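The values are calculated or read from the model by the stated rules, or taken from the named source; none is laboratory data. All values derive from a computational prediction rather than experimental measurement. Quick reminder, even Gly has a Cβ in these numbers, built from the backbone with ideal geometry, and neighbours come from all protein chains shown.
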Amino acid sequence: MAWEDRTPFEAIEHQFGLKENEVREIMRREMKLSSFKMWRERVSGRKTKHLLMRSKIVNRFKSKNQ
């Protein structure tokens, strides 16, 4: 879920109980360093990874677990 750009960290926290910094720690530990750096660069400041920053007109399918 964290690798996917449109899944907000809040959805991950709701479904798995992991805060953003815990997700980053898992990603850092489980991924190759180059992949982790690429992911961090991609999601840093990305509006779609935070519900409060996301545009209100974004209306996509959302799992009932989120």
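Of note:
- Single unsatisfied condition, Lys56 versus (1) in a helix (DSSP H, G or I); (2) at pLDDT below 65: (1)
- When residues of the range 1-26 are limited to those that are within 15 Å of Ser44 (Cβ to Cβ) and of a type in the set (D, E, K, R), the one modelled with the lowest pLDDT: Asp5
- Selection of the range 36-46 for residues being surrounded by 13 or more Cβ atoms within 10 Å (Cβ to Cβ) and assigned to a helix (DSSP H, G or I) yields Phe36, Trp39, Arg40, Val43.
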